[in-house]
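A short worksheet on the structure shown next.
The values are calculated or read from the model by the stated rules, or taken from the named source; none is laboratory data. Computed from a prediction, not measured in an experiment: that's the story for all the values here. We place every Cβ from the backbone using ideal geometry, glycine too, and count neighbours over all the protein chains shown.
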Amino acid sequence: MAEKQKKAHAIMISMPYQGHITPFVSLALNLASKGIAITFVHLESVHHKLSKPHHKPDLFSDARQSGLDIRYATISDGFPLDYDRDLRPELYWTALLQTLPSYVDEFVGNVIRSDPHSLHFLIADTVYVWPAAVARKYNLLNVAFWTSPALVFSLLYHLDLLKERGHFLREDDEAEIDYVPGVGSLRIRDLMSSLSKRGDVTGNYLFKAFQEVKKADFVLHNTVEEVESDTLSALNRYQPTYAVGPIGFSGTSNVAVSKSLHAEVDITKWLGSKPAGSVLYVSFGSVVQTSKGVIGEIAHGLRLSEVNFIWVARAHLTASGDADVLPAGFVEEVEDRGLIVPWCDQISVLSDPAVGGFLTHCGWNSVVESMWCGVPMICFPVTYDQPTNRKLVVNDWEIGIDLGDAATLDREGVAEKIRILMSGDASERFRREAGKVKQMVRDAVEADGSSVNNFHRFVIDLDKKLRST
Ligand code: UDX
């Protein structure tokens, strides 16, 4: 078969957590709707979780029926299926980095051998340490997909600069960092945990991953050019860089694929009974853990604030693994205005007119979804990239308010911040700014919007390179 007729075929593998799976699935759909074949790989444990709420043969069965060429496969992570991977996520992840590369290597080799008439390439999560080596071994183009803001990418990319200036792992919270290309100025307290906290295990793999990502052929970012333009253009000087976010909202495929790892409680009816803008949505994403003390202060703050709220109190919200982390009597006391659920469809909730604010840990997907819906935020970062994401929300875009950190959190402060965001004098300003950002983000995914154009440009550049190597 002539080289020109070969079909481009992506082998995609994300980190096995909701915050990464969601954007990866969206990227797969968007690429498939451009005529690219996909082999989407999940860990067996993720597949097992996903198949429970959805009862589908696999995640992409509907997509395939609608004509998209998305194949689905699972690989082992080397752990038994019933091992509780959420109880100590960082320990599991550190072990996974040892076990996974050989499984991936073998899998990629098999895919290539079984389909010699395609032009394979790799799309892997930027946090993995093995993509460059696998790409080199099988002579594949290597596309890194970064699922956090470009600002976080840039800081990790320039770790050497932070070290040179003595700003790596420093406790001096207020020291200023103003020399990272395209980044403006930020404080040490704005750095992600791996760059600022001694003993943070994420650094063990992130720093290696960011050496490796420098070898990628293309880097895709789940962000929007207009909201991080300086950072993105600085990065583009080092490697071909494309802002294609918010990826979940930018596709042309009409197939709805539920990416949720958990069964969702339908709260539409409850929201329908509440006045417009009156409900605060509270969620700390899918993976982070905090203490029972923090949960208690937030609960009491919600009680004192007297606002309506929905709180996603999912399993493993604290490291103790206790199922019952809320203060005694809390649920009964707030039952006329507060709803506690284990999991919900967050985007539907944020889109509901009753929701007027989001108390969030600032996971990037939550931030992006809140921006998409024009909902201002109260920011309580716990770890990872969340302190940096808060900086963007609070300082750069001014669409949120800072709740501080666990060490200083107290219930009166929580109640006061909730009142400021939901009904205080500043509330109007936050809503106005959130409305402007919402427009910017939505424009990016309109026809001729920046993310649509960047995605198109990426597909062309990729195709050219695939056919010339
Ligand atoms: C992880 C990291 O913790 C975060 O710092 C990083 O930016 C992304 O990866 P996570 O903590 O799960 O993510 O937070 P987030 O990025 O906000 O992703 C959570 C996802 O779960 C969102 O897409 C959200 O819509 C979804 N979700 C959450 C639900 O659908 N229902 C819920 O009830 C709660």
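Points to keep in mind about this one:
- Only one of the numbered conditions (1) away from the ligand (no atom under 12 Å from the Cβ); (2) under 29 Å from LEU87 (Cα atoms) is not met by LYS417, and that is (2).
- The range 141-162, subset part of a strand (DSSP E or B) and within 13 Å of the ligand (Cβ to nearest atom), residue farthest from VAL393 (Cα to Cα): PHE145
- Long-range neighbours under 9 Å by Cβ, at least six apart or interchain, first residue without any contact (Cβ under 8 Å) to a residue 40 or more places away in the chain within the range 337-359, second surrounded by fewer than 16 Cβ atoms within 10 Å (Cβ to Cβ): ARG337/GLU306
- Qualifying residue in the range 353-362 (condition: away from the ligand (no atom under 14 Å from the Cβ), touching a Leu at 6+ places or on another chain (Cβ under 8 Å), more than 24 Å from ASP230 (Cα to Cα) and of a type in the set (A, V, I, L, M)): yes
- Restricting attention to the range 168-226, the residues being at pLDDT below 95, touching a strand residue (DSSP E or B) at 6+ places or on another chain (Cβ under 8 Å) and not aliphatic (A, V, I, L, M) number 2.
- Yes/no for LEU280 being more than 11 Å from the ligand (Cβ to nearest atom) and not assigned by TED's automatic domain parsing to the domain that holds ALA216: yes
- Residue within the range 302-314 that is within 16 Å of the ligand (Cβ to nearest atom), without any contact (Cβ under 8 Å) to a residue 40 or more places away in the chain, assigned by TED's automatic domain parsing to the domain that holds GLY357 and assigned to a loop (DSSP other than H, G, I, E, B) present: yes
- Selected residue (criterion: farthest from the ligand (Cβ to nearest atom)) from residues of the range 237-259 that are part of a loop (DSSP other than H, G, I, E, B) and at pLDDT 95 or above: ARG237
- Hits in the range 441-464 (condition: touching a Phe, Trp or Tyr at 6+ places or on another chain (Cβ under 8 Å) and in a helix (DSSP H, G or I)): VAL441, ARG442, ASN454, PHE455, ARG457, PHE458, ASP461, LEU462
- The range 15-29 residues that are among the β-branched types (Val, Ile, Thr), paired with ones that are within 11 Å of the ligand (Cβ to nearest atom) and assigned to a helix (DSSP H, G or I) (beta carbon under 6 Å, 6 or more apart): THR22/ASN365
- Subset of the range 260-277 (residues that are within 12 Å of the ligand (Cβ to nearest atom) and buried (at least 16 other Cβ atoms within 10 Å of the Cβ)): SER260, LEU261, HIS262, GLU264, ILE267
- Residue ranges of helices (runs of 4 or more DSSP H) in the range 1-95 with at least 3 members modelled with pLDDT of 95 or more and more than 15 Å from the ligand (Cβ to nearest atom): 18-32
- PRO342 vs. criteria near the ligand (Cβ under 9 Å from one of its atoms) and either among the basic types (Lys, Arg) or over 19 Å from the mean Cα position of the chain (by Cα) (or both): yes
- Test: residue in the range 172-190 that is crowded, with 20+ Cβ neighbours inside 10 Å, in contact (Cβ under 8 Å) with a residue 12 or more places away in the chain and touching a Pro at 6+ places or on another chain (Cβ under 8 Å): yes
- The criterion of being in contact (Cβ under 8 Å) with a residue 24 or more places away in the chain and within 30 Å of VAL224 (Cα to Cα) does not hold for TRP270.
- Residue satisfying all of: in the range 198-209; free of Cβ contacts under 8 Å to residues at least 60 places away in the same chain and either of a type in the set (Lys, Arg) or in a helix (DSSP H, G or I) (or both); surrounded by the most Cβ atoms within 10 Å (Cβ to Cβ) among these: GLY203
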